[in-house]
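Peer 1: Shown below is the structure under consideration.
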Amino acid sequence: MSGSAEVEGIPPRPVPESSPYGEPYWAAAVDGRLVIQHCPRCDRLQHFPRPWCTACLHDELDFVDVSGRGTVYSCTVVRRNPNPAFATRVPYVLALVDLDEGVRMMSNVVDCAPEAVTVGARVRVCFETVDDTHAVPCFTLDPEGT
Amino acid sequence: MVADQLGVRPSYCDVVDLGGATATGMIWRAAAAIDAGVCRAVLCVLAEAPDPRPGVRSPTWPALPNAQWERTYGSLGPNSGYALAAARHAHLYGTTDEQRAKVAVDQRTNACANPESLFFGRPITVDDVLTSPLICDPLHLLEIVMPCFGATAFVVARGDVARASTNVPVRLRGFGEQVSHSSLVSMPDITRTPIVESSRRAYETAGVGPGDIDVLSLYDCYTITVILSLEDAGFCAKGEGGPFVADHDLTYAGDLPCNTHGGQLSYGQAGLAGGASHVTEAVLQLRGEGGARQVPDCGLALVNGNGGILAEQCTLVLERGDA
């Protein structure tokens, strides 16, 4: 939904690396859903996905849908990146986003002037298509978000 | 490999990998091995020749389990990670670009008194720092370490062995180590580092406090790292690091000498050996071998190693050992 991937001359971002624990996260993103790993035993959410719950070590975890709304915990404008996949994207915003459900994740805040993103800003999730089978959850500013 | 090159058959051999905290981590491990009677002296060697090609990962930065959750978003690892900490610190406490730049300027003054530093003879001003290119907001180019080639070695020895040396001995008076996370998202407050715990244990085991320290050697991959270290090692309250560095003179001639070799910001960062430069500089100062940058009456040094993104911390209290 973010237009960045479709802008001419900007190569798509790298396909997310595969991990047996992260597959549901990336699969949901293709469907336009943000899901977070959840422990059914102690009812905790954790990000990034791991083989077990870091609170109780339960190892049969599931994924639950979250609101996709959150607050920028911190952000930086990346102005240099030698990686070819990102070299043409600079400047871009790398942010730590605190989801309303209490989980912190790293992401990009897109579709705005980089300097418009500030610590404490409200954001909501969007999805950037990488290719037919991959999408990446990103965020946009959501000034109306409460 | 080193042992064979030297023709030595060691009774104890180990590899330490705590990123920038490797050198300080080596020292207490070596001391513990000596204390356990495993050996009498330990040679600690750190060397690195970083790949100079842009974007090529150094072998000491392996793919971590959390990498896919960060690289996908164009994370630069340290550059963007420390920038996120600096941005959060600025937001919470009002820390300014000028205050962070002061750290780089004072350390460059120190480097200009150290002929071995990479930027010897090239003083800078706050304005130079602030007009250098932004790399990751709010961090400018001159707030970021310069990678270089290099190596550092030191010997940790039993007391009687050290006293037999022709060098003035330096004693490990206290130490503390704390490791907290791999991914930045696992750090509850990215402005509060595990130096809180590592320095507390170092002070406790040494029986001293921040006010007793004559010279500081604080890992400085970025300007913000020094400010966070000063706060968490108890030199000022959390959030006051910005005004603190503005109000104190961190040069070798100042009221709070810090990174008198220039710090890695101005001395250069030769991979893991860069962190070791904080150890060797503290040792030189304690021995009175600081040359033009010698801090007078230097008896006690605090050395902090910082690895990962504020993740691995090992703090030492070193003391001139012939007193």
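Peer 1: Using every alpha carbon pair in chain B, what percent of pairs falls into each 10 Å bin from 0 up to the bin containing the largest distance?
Peer 2: So the P(r) values, bin by bin, are 6, 28, 37, 22, 6, 0.
Peer 1: How much mean residue ellipticity at 222 nm does the protein assembly as shown get from its helices, if each DSSP H run of length 4 or more adds -39500 (n - 2.57) and you divide by all residues, to the nearest 500 deg cm²/dmol?
Peer 2: Details: 14 runs with 127 residues, N = 469.
Helix-only estimate at 222 nm: -7500 deg cm²/dmol.
Peer 1: Work out the mean other chain Cβ neighbour count within 10 Å for the residues of A:80-92 and drop it here as an integer. All intermediate terms of the calculation are to be shown ahead of the outcome.
Peer 2: Numbers: counts 8, 9, 5, 5, 1, 3, 6, 3, 0, 1, 1, 3, 2.
That works out to 4 on average.
Peer 1: What ³J(HN,Hα) values, in whole Hz, does the Karplus curve 6.51 cos²θ - 1.76 cosθ + 1.60 give for region B:305-317 when θ = phi - 60°, with x put for Gly and Pro?
Peer 2: Taking θ as phi minus 60°, the curve returns x, 10, x, x, 9, 6, 9, 9, 10, 9, 10, 10, 10 Hz for region B:305-317.
Peer 1: A further question follows. Label point 7 Å out from A:GLU115 along Cα-to-Cβ: which residues of region A:75-90 have amide N under 18 Å?
Peer 2: A:75-80, A:90
Peer 1: Then there's this: Using +1 at the C-beta of Lys and Arg and -1 at the C-beta of Asp and Glu, which of B:GLN178, B:LEU218, B:LEU139 has the Cα lying farthest in the positive direction of the dipole of chain B?
Peer 2: My answer, from the dipole projection, is B:GLN178.
Peer 1: Running a GNM on chain B with Cα contacts under 10 Å, which residue among B:ALA233, B:ALA23, B:ALA164 ends up with the highest mean-square fluctuation?
Peer 2: Per the Cα network of chain B with a 10 Å cutoff, B:ALA164 tops the list.
Peer 1: Ok, one more. Let me spell out the model: positive unit charges on the Cβ of Lys and Arg, negative unit charges on the Cβ of Asp and Glu, origin at the Cα centre of the protein assembly as shown. What dipole size does that give, in debye rounded to 20? Intermediate results must be reported in sequence, preceding the final value.
Peer 2: Working: 34 positive and 55 negative charges, 195 e Å.
Around 940 debye, computed over the protein assembly as shown.
Peer 1: List, in order, the whole-Hz ³J(HN,Hα) value for each residue of region B:181-189 obtained from phi through the Karplus relation with A = 6.51, B = -1.76, C = 1.60 and θ = phi - 60°; use x for Gly and Pro.
Peer 2: Coupling constants for region B:181-189: 7, 10, 8, 4, 5, 8, 9, x, 10 Hz.
Peer 1: What size of dipole, in debye to the nearest 20, comes out for region A:4-141 about its Cα centre when the only charges are +1 on Lys and Arg C-beta atoms and -1 on Asp and Glu C-beta atoms?
Peer 2: Values: 12 positive and 18 negative charges, 117 e Å.
The dipole magnitude comes to about 560 debye.
Peer 1: Which FRET efficiency value, to the nearest 0.05, do you get for B:THR205 and B:MET146 by plugging their Cβ-Cβ distance into 1/(1 + (r/R0)^6) with R0 = 45 Å? Let's see the in-between values first.
Peer 2: Working: r = 34 Å, r/R0 = 0.75.
The calculated FRET efficiency here is 0.85.
Peer 1: Tell me which of B:ALA206, A:SER18, A:PHE48 sits at the most positive position along the dipole axis of the protein assembly as shown, charges placed on C-beta atoms (Lys, Arg +1; Asp, Glu -1).
Peer 2: B:ALA206
Peer 1: Separate question: Under a Cβ-Cβ cut-off of 13 Å, what is the net charge of the residues other than B:PRO123 that fall near it, where Lys and Arg count +1 and Asp and Glu count -1? All intermediate terms of the calculation are to be shown ahead of the outcome.
Peer 2: Details: positive: B:ARG108, B:ARG122; negative: B:ASP106, B:ASP127, B:ASP128.
Result for the local shell: -1.
Peer 1: At 7 Å along the Cα-to-beta-carbon direction for both B:ARG163 and B:GLN5, put a label point, then send me their distance in nm to one decimal.
Peer 2: 3.4
Peer 1: In addition: Hey, if you drop one equal point scatterer on each alpha-carbon of region A:4-141 and run the Debye formula without solvent, what base-10 log of I(q)/I(0) do you get at q = 0.09, 0.17, 0.20, 0.21 Å⁻¹?
Peer 2: -0.28, -0.96, -1.24, -1.32
Peer 1: If each residue's Cβ is checked for other Cβ atoms within 10 Å, how do B:LEU130, B:LEU6, B:LEU265 rank with the fewest at the top? Don't skip to the end; give the middle numbers.
Peer 2: Details: B:LEU130 17, B:LEU6 11, B:LEU265 31.
If I rank by nearby Cβ atoms, fewest first, I get B:LEU6, B:LEU130, B:LEU265.
Peer 1: Okay, moving on. Between A:ALA87 and A:THR54, how high is the FRET efficiency from 1/(1 + (r/R0)^6) when r is the Cβ-Cβ distance and R₀ = 35 Å? Nearest 0.05.
Peer 2: On the way: r = 35 Å, r/R0 = 1.00.
For R0 = 35 Å, the calculated efficiency reads 0.50.
Peer 1: Considering every residue in B:122-135, what mean count of other chain Cβ atoms within 10 Å of its Cβ is obtained?
Peer 2: Working: counts 0, 0, 0, 0, 0, 0, 0, 0, 0, 0, 0, 2, 6, 6.
For peptide B:122-135, the averaged partner shielding equals 1.
Peer 1: Treating only the Cβ of Lys, Arg, Asp and Glu as charged (+1, +1, -1, -1), what charge dipole size does region B:167-314 show about its Cα centre? Round to the nearest 20 debye. Mind dumping the intermediate values first?
Peer 2: Numbers: 8 positive and 17 negative charges, 68 e Å.
Computed charge dipole of region B:167-314: roughly 320 debye.
Peer 1: Would you kindly derive the ³J(HN,Hα) couplings of region A:80-89 from the backbone phi angles with the Karplus curve 6.51 cos²θ - 1.76 cosθ + 1.60 (θ = phi - 60°), listing them in order in whole Hz, with x for Gly and Pro?
Peer 2: 9, 8, x, 5, x, 5, 10, 4, 8, 8
Peer 1: For q = 0.11, 0.13, 0.14, 0.25 Å⁻¹, what log10 I(q)/I(0) does region B:151-246 give under the Debye formula with an equal point scatterer on each alpha carbon and no solvent?
Peer 2: -0.43, -0.59, -0.67, -1.36
Peer 1: Around B:GLY321, with a cut-off of 15 angstrom between Cβ atoms, what is the net charge of the other residues, counting Lys and Arg +1 and Asp and Glu -1? Working shown, then result.
Peer 2: Values: positive: B:ARG158, B:ARG163, B:ARG171, B:ARG173, B:ARG287, B:ARG320; negative: B:ASP160, B:ASP214, B:GLU289, B:GLU319, B:ASP322.
Combined, the nearby Lys, Arg, Asp and Glu give +1.
Peer 1: In addition: I'd like to know which of A:VAL109, A:ALA28, A:THR133 lies farthest towards the positive end of the charge dipole of region A:5-138, counting +1 on Cβ of Lys and Arg and -1 on Cβ of Asp and Glu.
Peer 2: Ranked along the dipole, the leading option is A:VAL109.
Peer 1: While we're looking at this one, here's another question. Please compute the contact order of chain B in relative form: average sequence separation of alpha-carbon pairs under 8 Å and at least six residues apart, divided by the residue count, as a percent. Kindly include the intermediate steps, with their values, before the conclusion.
Peer 2: Working: 659 pairs, mean separation 93.3, N = 323.
Computed value for chain B: 29 percent relative contact order.
Peer 1: Under a crude label model (7 Å from the Cα following the beta-carbon direction), how far is A:THR71 from B:ASP249 in nanometres?
Peer 2: 4.3
Peer 1: Give me the inter-chain shielding for A:15-26: mean count of other chain Cβ atoms within 10 Å, whole number please.
Peer 2: Numbers: counts 2, 5, 6, 1, 5, 0, 1, 3, 0, 0, 2, 2.
Across the residues of A:15-26, the mean count of other-chain Cβ atoms within 10 Å is 2.
Peer 1: Separate question: With all distinct Cα pairs included, what does the Kirkwood hydrodynamic radius of the protein assembly as shown come out to in Å, to one decimal, could you say? Numbers along the way, then the final one.
Peer 2: Details: mean 1/r = 0.0428 Å⁻¹.
23.4 Å is the Kirkwood radius here.
Peer 1: When A:ARG44, B:ARG29 are ordered from fewest to most other Cβ atoms inside 10 Å of their Cβ, what list results?
Peer 2: Values: A:ARG44 17, B:ARG29 20.
Arranged by neighbour count, lowest to highest, A:ARG44, B:ARG29 become A:ARG44, B:ARG29.
Read the figures in this text as sums done on the coordinates, not as results from a lab. Keep in mind that this is a model prediction, so the values were computed, not measured. Here Cβ is always computed from backbone atoms with ideal geometry, including for glycine, and neighbour counts include all displayed protein chains.
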